[in-house]
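The values are calculated or read from the model by the stated rules, or taken from the named source; none is laboratory data. All values reported here derive from a predicted model rather than from experimental measurement. Cβ sites come from the backbone with ideal geometry, for glycine too, and all protein chains shown count toward neighbours. Note: areas computed on protein heavy atoms with side chains; ligands, DNA, RNA excluded. Shrake-Rupley method; radii C 1.70, N 1.55, O 1.52, S 1.80 Å.
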Amino acid sequence: MAFNTVFLIMFIAFLLLLLAGGFITKKWVSNSNDFFIAGREVGLLVNIFGVAAIGFAGTIITLGPGLAIMTGFWGAVGFGIIYGFGGLALYGIVFAPYIRRSGAHTLSEWLEMRFDSRTRTLVTLATILGLLGIMANNVVSMAIVTTGFTGWSLLGTLAVIFFLFLLFTYIGGFWAVTLTDFMQMCVGLIALPVMLIALLMKYGGSSFLLNNWSGNKGFFTAGIADQSLPIFSLQYPSVLTFTILFGCFLVWGNNYYWLRVSSARNEKVARNGFIYGAMLLVFVPITILAIVGVYAASIFPDHFAPHGDTDPMSAFGVVLKALPIGVAALALIGALAASISTSTTALIGASSTAVRDLYQRFLHPNATSEQLTMPSKIITLILGILVWLLSFYPGGPLYLFAFSTAWLGAPSILVFLGVWWKRTTKAGAFYGAVLGMSITALLTVLELTGIFVISNYTHIGVVGLVFTLVTTIVISLLSEPNYYSRPNWKEKAPSFSSLTGDEIKALNLIAEGYHTMAEVTDMFGTDSSKTNEIIESLDQKLLLTREKYSGPGFYSFTLTDEGYRHVTIDISKGSTDYYMNKEEKVILRKLKEGPDVLNQYLQAEKFDSLRLSVLLAKLIEQGYLKEEGIWRRSVALTAKGKEALLGEMDNDEIYHILDR
């Protein structure tokens, strides 16, 4: 059977699986919160596969084997370690707890919480542009690889791939993307080992590689031109530039990694998802792709530059030609799945930013999550059309990818400084972002047009990093800091005659046991920037205190003694371990009657998915419920929960503080 026939059969089967997944997940979407962050229901296994799937993209499939040919096996694996552990795992450890507690759906939303609205708007526009470029690059690159093997029309292949990822993203939103990521990793975890086994069976193991490697220094530490991966070189590729581009820029400043954290069920799932996802990515796809690159250079010793005319970055496709048809088709399906998965993730990252940070803020600020569902889908389609247009942009994938990175560097610096340096000011963040992005974009244009080639001296990312970092720090030191960075600000609370209704509601929520910004925001059902204003007001009035004023503790609160005096519910300090309000009690009672009864009640009451997620999380933490479910969260009563329902407590004794 010919390659095209085998590949077409596999491609159609994969397409049908994706579409089926899209229609299944469509049932899980009832509002924009479900569409963009899956109602904060994503479990650990799914999150692990989702994080690894983002990394297992067309870029990795190209760079992994290519770097092995250029810099040796450890050069390629070293890149994977930098991206996987220095980027993803470090993000999970250093940033995920902070992000999950902040409650911000998007990176741009958090920038307004931490700095101001102008910084949010600037980075929103930059993020959308950068992610659209990444999407277009992935779609075009995969279409080119596919047509190179099948001989199909580039336009037709591009249209099919584009239509496929846009359709099921429109249908199922983040749930569809999550399912795609899971399926992609399953395909990849089968295809890559099969590919490696086929190479071992046909050519042999290490003895074949040692005898046929065309370099003089051996394939472990050097490439075919005896070049090793430099460490501190300012020019690309090097350990330093990999760290800046793939560890910092493309992870820390990227909205779709932020969404991965926001969608997790809890802080632990968010953190561990990135740690274990990084391990899975490095130890399986990246390591195997590095070995594939060594095989490519050993099977075709005179094929790749500088010994031949072929670009080392095309090594994955070259190796497929040496494999049996079925194995080659399966490997190509794996590569196609990786490209589609990353494209859909980038699309949901861009559309969530457009909806949350532009449409809702400026056009419909009071819209509910249900009212935002259809606009979310329409904006996703509009952005998809823009990706289609960018796919034909002059200069091709190289221009798109190079230019898109210019817009992701500055946000990554703002995230790091904003989380860990409380002295970072609004002015410092704004002008640092403006100058950093402007310089990077300008140098990119100058290099691509040949007017000034900065890569002869250093990588563009290094310049952008320096300008953003220095500008932000200098201006922050010269400008007025936020209240919590001023010395002795806690010595005297400002006088106030009364509190607003929202301030009292926030105090009541914290007293009940909703201690993080994410919990307070989801219970309010509003933009995090709004609840942040309430919390800052209460903080300055010394009615609450933060766990810390940098790091994750910044968004964890406890009430002061004075704060408890303003609480309007009958609850004493330290009683939150067992306290339940009326709404929580009703959930337990309905669940006791059966899951179907609970679901009917939630639908009848039109429960917001995020508010429900917070209520369930608190009951789980208190030990009244136990959590189950690989995909969607399911809960069951514990012995403690059943015991709580045996009491004769009257509903009037359980205070219902939420305005319905």
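Scaled against the 2.2 N^0.38 Å expected of a compact globular protein of N residues, the Cα radius of gyration of region 416-561 reads 1.39. For the chain, which whole percent of the accessible surface, found with a 1.4 angstrom probe, sits on carbon and sulfur atoms? Percent of accessible area from carbon and sulfur atoms in the chain: 63. Among the listed pairs Lys530/Lys573; Lys426/Lys548; Lys422/Lys490, a Cα-Cα separation exceeding 22 Å is found for Lys530/Lys573. To the nearest ten degrees, helix 373-390 and the longest principal axis of the Cα atoms of the chain are 20 degrees apart. The tail of the calculated P(r) for region 186-342 beyond 24 Å holds 46 percent of all Cα-Cα pairs.
Treating the Cα atoms of region 494-605 as identical point scatterers in vacuum, please give the log10 of the normalised Debye intensity I(q)/I(0) at q = 0.11, 0.16, 0.23 Å⁻¹, two decimals. After summing over all Cα pairs, the log10 values are -0.41, -0.78, -1.27.
Principal-axis analysis of the Cα atoms of the chain puts helix 44-55 at an angle of about 40° to the longest axis.
For region 202-259, the Kirkwood estimate of the hydrodynamic radius, built from every pair of different alpha carbons, is 14.0 Å. Taking 22 Å as the straight-line reach from the Cα of Lys26, the lysines in range (excluding those fewer than 8 positions away in the same chain) are Lys377, Lys606. Each semi-axis of the equivalent ellipsoid for region 287-351 is √(5λ) with λ an eigenvalue of the Cα gyration tensor; in descending order they amount to 27, 15, 9 Å. Annotation: average projected area of region 35-403 is 17.6 square nanometres, based on the convex hull of Cα atoms across all directions. Figure note: Glu621, Glu584 ranked by solvent-accessible area, largest first, 1.4 Å probe, ligands and nucleic acids not counted: Glu621, Glu584.
Dividing the convex hull volume of the alpha carbon atoms of region 288-402 by its residue count gives 156 Å³ per residue. A helix-only calculation puts the chain at -20000 deg cm²/dmol for mean residue ellipticity at 222 nm, using -39500 (n - 2.57) for each DSSP H run of at least four residues, averaged over all residues. Seen against the Cα atoms of the chain and their longest principal axis, helix 582-593 is set at about 70 degrees.
Given +1 at the Cβ of Lys and Arg, -1 at the Cβ of Asp and Glu and no other charges, the dipole of the chain around its Cα centre is 460 debye to the nearest 20.
Of all DSSP beta bridges confined to the chain, the antiparallel ones make up roughly 80%. Shown in residue order for region 293-306 are the 3J(HN,Hα) couplings computed by the Karplus curve 6.51 cos²θ - 1.76 cosθ + 1.60 at θ = phi - 60°: x, 5, 4, 4, 6, 7, 6, 10, x, 10, 8, 9, 4, x Hz (x for Gly and Pro). The lysines whose alpha-carbon is closer than 17 Å to the alpha-carbon of Lys321, local same-chain residues fewer than 8 away aside, are Lys202.
Heavy atoms of the protein chains alone define the surface here; on that basis region 34-138 has 17 Å² accessible area per residue at 1.4 Å probe size. Under 15 Å Cα to Cα from Lys626, which aspartates and glutamates show up? Leave out anything in the same chain fewer than 8 places away. Excluding near neighbours in sequence, the set is Glu41, Glu584, Glu643. With R₀ set to 51 Å, the beta-carbon distance separating Glu621 from Lys202 gives a calculated FRET efficiency near 0.40. Ranked from largest to smallest solvent-accessible area, with a 1.4 Å probe on the protein heavy atoms, Lys490, Lys505, Lys592 come out as Lys592, Lys490, Lys505.
Computed with a 1.4 Å probe over protein heavy atoms only, the accessible area of Ile460 comes to about 30 Å².
Using C-alpha pairs below 8 Å separated by at least 6 residues, the relative contact order for the chain is 23 percent.
One quarter of the surface of the convex hull around the alpha-carbon atoms of region 247-329 equals 7.8 nm², the direction-averaged projected area. The alpha carbons of region 501-566 give a radius of gyration and a Dmax of 10.5, 29 Å, in that order. Shown here: volume of the Cα convex hull per residue in Å³, derived from the displayed model; of the candidates (i) 173; (ii) 182; (iii) 157, it corresponds to (iii).
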